[in-house]
Amino acid sequence: MSAAMDTESTYSGYSHYSGHSKKAHRQGRDRHKSPRSKDGSRSEKSVTIQTPPAEPLLGNDASRAEEGQDDNWGETTTAITGTSEHSISQEDIARISKDLEDSVGLDCKRYLGLTVAAVLGLLVFLTPIAFILLPQILWRDDLEPCGTVCEGVFISVAFKLLILLIGTWALFFRQPKADLPRVFVFRALLLVLIFLFVFSYWLFYGVRILDSKDTNYQGIVQYAVSLVDALLFIHYLAIVLLELRQLQPVFTVKVVRSTDGESRYYSLGHLSIQRAALVVLENYYRDFTVYNPALLTASKSRAAKHMAGLKVYNVDGPGNNALGQSRAMIAAAARRRDSSHNELYYEEADHERRVRKRRARLVVAVEEAFTHIKRLQAEEQQKAPGEMMDPREAAQAIFPSMARALQKYLRTTRQQQYHSMESILQHLSFCITNNMTPKAFLERYLNPGPTLQYDRDRWFSKQWTLVSEEAVTSGLQDGVVFVLKCLDFSLVVNVKKIPFIKLSEEFIDPKSHKFVLRLQSETSV
């Protein structure tokens, strides 16, 4: 009961502080807008974006986030004003609607290809059975008796078709991982090969068996068996082309994120450019840290602060205004460049000091909260089974004691847009359920994790565009460069071929390791 009352009081204080932070943010916004209204030369249009309460803000400035943002995880701030690099214009809205229409076309193309493959597979499996049953239906009285030989062949055909069915299901009928811009060349060639193969068998069967009404039923059954054997060999060829060919590493690709320069190296086999791009994206979501645009605004705000401190006075009249101001700004910026590295050094040192300080406070707060959990568990064991708290209630009971320190740490490290209060409570209840330590709970927040660790709404990268000078269906080659673009950043992929390694062997004679130790008769001892 006391834990519930603490949680309720905390949430009421939470909402009261939220309303106060909204007023402070609105006043700060008006204060930032007032200098722009005085300057008549800057007449840029601003776009206001109304975001849902659960969505984080994409383009909030780092300096403005430290001053005007409240402690409620970015959930109470719902509007952005001013010209921003993340503003959405009418052209962007039209482009988004066009992308939605294109996605509908991609779905139709995907289902069309799946339908064609399913129809062709059904035709392949029904063909041997039709070859065996049609003579029995059309001219059964004229057929020569086959006996035990045909019965054994029937069993062989049944098991071969079962093996072919399982292999086809495992190789072809799998959940697609992505929508590729072009068709998979090897798979399309295999489908064409199977169609031509089955068509030629049907053509021969219609001319030599159906028209002449062949009475040699054992030969007809052997003809169907040969078709099944050939289909098994085609399936083996499909395994080699689609699965085994790409396993041996041939190329090394370097993937660089364009915004922060984070890079990784991967080894790939013989793949097309579009399939290599798919492998790169799968590894990106697992290996790269999540993209955080808030970390990139520090350098922009620093440069804007330097340029804002410069004042230019026009003493020659309004005629020479533009050229004189540009030259003066360039000269002043060049003079201030010598001292900018000192400011950068002290800013980074101060930021690291604040991060270490708030991290220490967070660690202490979480350890105390988990110690309180152990005391609660000891008390719960003495209560009746119906009065015990579930992990969700326990997480809500200890969350207020660590909420303040966690909020400040996430704001300092600019991770607040990736962690909502609900996600933190779920993670806390998960750690309590599995009896995890405070260090295991803090692992998600102390260091930014890979993209897969966060919700899909926080990825900033869902739809990608492949840009390549070569055809995306062509294979990888040494020196090929292609780019994977999304809304906010891009991945630049550079392909290098693994060099040919030549090893030589050098024989060492075992007798060369033997030596003789000679001791002098007269020593100094």
key: Which numbered condition V183 fails, given (1) within 21 Å of T473 (Cβ to Cβ); (2) assigned to a loop (DSSP other than H, G, I, E, B); (3) in contact with a Leu (Cβ under 7 Å, 6 or more places away or on another chain)   = (3)
Any pair with Cβ under 8 angstrom, 6 or more apart, that starts in the range 498-512 at a residue that is closer than 25 Å to V250 by Cβ and ends at one that is among the polar types (S, T, N, Q) and outside any loop (DSSP other than H, G, I, E, B) = I498/T252; I498/S267
request  = Would you check if L162 is open to solvent by 60 Å² or more (accessible area, probe 1.4 Å), modelled with pLDDT of 90 or more, within 30 Å of V495 (Cα to Cα) and part of a helix (DSSP H, G or I)?
outcome  = no
key: Flag if D488 is acidic (D, E), farther than 30 Å from R354 by Cβ and either in contact (Cβ under 8 Å) with a residue 60 or more places away in the chain or surrounded by 13 or more Cβ atoms within 10 Å (Cβ to Cβ) (or both)   = no
ask   = Would you call Q416 at negative phi and surrounded by fewer than 14 Cβ atoms within 10 Å (Cβ to Cβ)?
value = no
query = In the range 452-471, how many are in contact with a helix residue (DSSP H, G or I) (Cβ under 7 Å, 6 or more places away or on another chain) and at pLDDT 90 or above?
reply = 3
ask   = Inside the range 405-420, can you point out the residues that are charged (D, E, K, R) and more than 12 Å from V290 (Cβ to Cβ)?
value = K408, R411
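Among the residues of the range 494-517, is any open to solvent by 50 Å² or more (accessible area, probe 1.4 Å), part of a helix (DSSP H, G or I), more than 15 Å from Y418 (Cβ to Cβ) and in contact with a helix residue (DSSP H, G or I) (Cβ under 9 Å, 6 or more places away or on another chain)?
For the range 494-517, residues open to solvent by 50 Å² or more (accessible area, probe 1.4 Å), part of a helix (DSSP H, G or I), more than 15 Å from Y418 (Cβ to Cβ) and in contact with a helix residue (DSSP H, G or I) (Cβ under 9 Å, 6 or more places away or on another chain): absent.
Suppose the filter is in a helix (DSSP H, G or I), closer than 18 Å to V116 by Cα and not small (G, A, S); does F233 pass it?
It is false that F233 is in a helix (DSSP H, G or I), closer than 18 Å to V116 by Cα and not small (G, A, S).
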key: Odd one out for E144, checked against (1) out of contact with any helix residue (DSSP H, G or I) (no Cβ under 8 Å at 6 or more places or on another chain); (2) open to solvent by 50 Å² or more (accessible area, probe 1.4 Å)   = (1)
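Please find, within the range 203-238, the residue that is nearest to P135 (Cα to Cα) out of those that are of a type outside the set (D, E, K, R) and open to solvent by 80 Å² or more (accessible area, probe 1.4 Å).
Taking the range 203-238 as the starting set, the residues that turn out to be of a type outside the set (D, E, K, R) are 203-207, 209-210, 212, 215-228, 230-238.
Then keep just the ones that are open to solvent by 80 Å² or more (accessible area, probe 1.4 Å); that gives 203-204, 207, 218, 222, 233, 236.
Working: L203: 16, F204: 15, V207: 14, Q218: 11, Q222: 13, F233: 27, Y236: 31 Å.
Among them, the one singled out is Q218.
This table checks each residue for (1) open to solvent by 20 Å² or more (accessible area, probe 1.4 Å); (2) closer than 23 Å to A360 by Cβ; (3) not aromatic (F, W, Y).
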{"residue": "I424", "(1), (2), (3)": "no, yes, yes"}
{"residue": "L428", "(1), (2), (3)": "no, yes, yes"}
{"residue": "K439", "(1), (2), (3)": "yes, yes, yes"}
{"residue": "R444", "(1), (2), (3)": "yes, yes, yes"}
{"residue": "P448", "(1), (2), (3)": "yes, yes, yes"}
{"residue": "L452", "(1), (2), (3)": "yes, no, yes"}
{"residue": "V492", "(1), (2), (3)": "yes, no, yes"}
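In the range 465-485, which residues are assigned to a loop (DSSP other than H, G, I, E, B), β-branched (V, I, T) and open to solvent by less than 40 Å² (accessible area, probe 1.4 Å)? First the steps, then the outcome.
From the range 465-485, those assigned to a loop (DSSP other than H, G, I, E, B) are 469-474, 476-480; that's our starting set.
Narrowing the set further to residues that are β-branched (V, I, T) leaves 472-473, 480.
Passing the criteria: V472, V480.
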message = Scan the range 444-451 and tell me whether some residue there is within 27 Å of Y291 (Cβ to Cβ), at pLDDT below 85 and in a helix (DSSP H, G or I).
response = yes
message = Where the second residue is open to solvent by less than 10 Å² (accessible area, probe 1.4 Å) and of a type in the set (G, A, S) and the first is under 20 Å from A440 (Cβ atoms) and lies in the range 400-428, which pairs have Cβ atoms under 7 Å and are six or more apart or on separate chains?
response = S401/A369; M402/A369; L425/A395; L428/A395
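The values are calculated or read from the model by the stated rules, or taken from the named source; none is laboratory data. Bear in mind that the values here come from a model prediction, so they are computed numbers and not experimental data. Don't worry about glycine lacking a Cβ; one is built from the backbone with ideal geometry, like all the others, and counts go over all protein chains shown. Heads up: the accessible areas ignore ligands, DNA and RNA and are worked out on the full protein's heavy atoms, side chains in. Shrake-Rupley method; radii C 1.70, N 1.55, O 1.52, S 1.80 Å.
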